[in-house]
Structure formats: structure tokens, C-alpha cells
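Please read the structure below before turning to the comments.
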Amino acid sequence: MSYLGVGVSPGNVPVYKGTIVKVIDRKIRVVELVLRCVICGLGVLTAVLVGTDTQVREIFTIQKKAIFTDMKALVFLVIANGIVAAYSLVQGVRCVVGMIRGSVLFNKPLAWAIFSGDQVMAYLTVAAVAAAAQSAAFAKLGQPELQWMKICNLYGKFCNQVGEGIASALLASLSMVLLSCISAFSLFRLYGGGSKGKNGGDGSLSRW
């Protein structure tokens with residue numbers, strides 16, 4: 001029996017390298033697109049939760065207003081998640097365009113650019129979450145040795161909403177770390193085999 005002009009038996013149909021690459025690349029792009037959409041949504045949610053969080057308390061007839069700009073770590077968290085959300089939106093559009101065109105990522109400079117961008121965003125989100133979590137811990141628990149009071153005892157609503165924002169940022173950060181691993185795989189698989197047409201011309205399976 002012959003398949004595409006190649007004489008083979010029914011149980012020994014050759015698998016072409018190009019087909020395998022396209023199937024795997026498409027699966028990777030679907031996962032990548034889902035993660036980028038999740039990160040974009042979580043980044044926007046974090047920025048909105050923290051950025052719009054305020055609470056006014058009256059202390060000895062003096063009104064004190066708590067706002068995220070009072071803590072530099074929260075400002076960093078809002079800015080970082082805004083940047084990550086915008087970056088993920090742009091990269092998500094790139095994924096959609098690539099899936100529509102059915103193209104496979106063979107461009108090493110582009111793969112390096114995506115990998116580098118994802119790495120930077122991953123480090124940025126991790127740093128922002130760590131800084132915000134540390135500040136939140138001080139606000140919640142105080143620091144008796146330095147006579148720092150428990151701010152959350154006064155601004156409970158403010159602290160609760162900040163906590164929700166930090167939780168959202170943590171999920172975005174974990175998703176970004178996972179995405180950076182995927183982009184690393186997409187990059188280094190380009191260096192995993194021989195030249196593109198070296199072993200694939202005769203219909204044999206080659207590593208990539």
C-alpha cells in the first residue's frame with residue numbers, strides 16, 4: 001500500500017517531522033494563550049482591587065484616609081501588574097495571529113525576545129508580590145520591637161481588599177512563572193535537533 005507516494009505497510013505509516021512540529025506547536029500556543037489571558041485578567045483585577053482601595057477613619061475628630069499610595073510596595077504592585085497585563089495582552093494577540101495563520105515559531109531571534117520578555121515579567125511579578133506581602137504582614141501583625149502598630153486593626157476593610165489584590169497577584173505571578181517555562185521550552189527546542197530538512201526529506205522521523 002502506498003501513502004503519499006511512499007511504499008509502506010498500513011501499520012508502519014511514516015510520521016513527518018513538520019506535522020509533529022505543527023501539532024506540538026499548536027498545543028503549546030493554546031496553553032500559552034490561555035495563560036496569557038489569565039495573567040492579563042488577574043493583572044487588571046489586582047490593579048483595580050489595590051488601586052481603588054480606600055478607607056476613611058475618624059481618629060480624635062481627625063479624618064484619616066488610607067490609600068494604596070501610602071505604601072510604596074502597593075504602588076509597585078499596581079504598576080507591575082499593570083505592565084504585566086498590558087504585556088500579556090500584546091503577546092496574547094500575537095498568539096491568536098499565529099494560530100490563525102497556522103505558522104510555526106522557527107524564528108530564533110523572536111523566540112529569544114519572547115523568552116526574555118517572559119523572564120523579566122516573571123521576576124517583576126514575583127518581586128512585586130514579595131514586597132507587597134512583606135508590607136501586608138507588617139500592617140497585619142505590627143512590629144512591637146519598633147513600636148509599629150497593627151494598622152489593619154484600624155483599617156480592616158482596606159487591609160482585606162489589599163489581601164484580595166495580593167492573592168490575585170500571587171496567582172498571576174505563578175502563572176507567569178509557568179508561562180516563562182513554556183517560552184523556555186519553545187526557545188530551546190529550536191536547538192534540540194539537526195538542520196530542518198536534514199532527516200525529514202525521506203519521510204523518516206527525526207528529533208527536534
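What the table shows:
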read-out: Net charge of Cβ neighbours under 13 Å - reference Y155; Lys, Arg +1; Asp, Glu -1; value: +3
read-out: Radius 9 Å from Cβ of I182, net charge of other residues (Lys, Arg +1; Asp, Glu -1); value: -2
read-out: Gain upon complete extension [K157, K65; 0.36 nm per residue less C-alpha separation]; value: 31.9 nm
read-out: Segment 27-128 - Debye-derived log10 I(q)/I(0), Cα point model, q = 0.17 Å⁻¹; value: -0.81
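No value in this document is a laboratory result; all are computed from the given coordinates. Every value quoted in this text rests on a predicted model; they were computed, and no experiment measured them. When we count neighbours, we look across all protein chains shown, and the Cβ atoms used for this are built from the backbone with ideal geometry, even at glycine.
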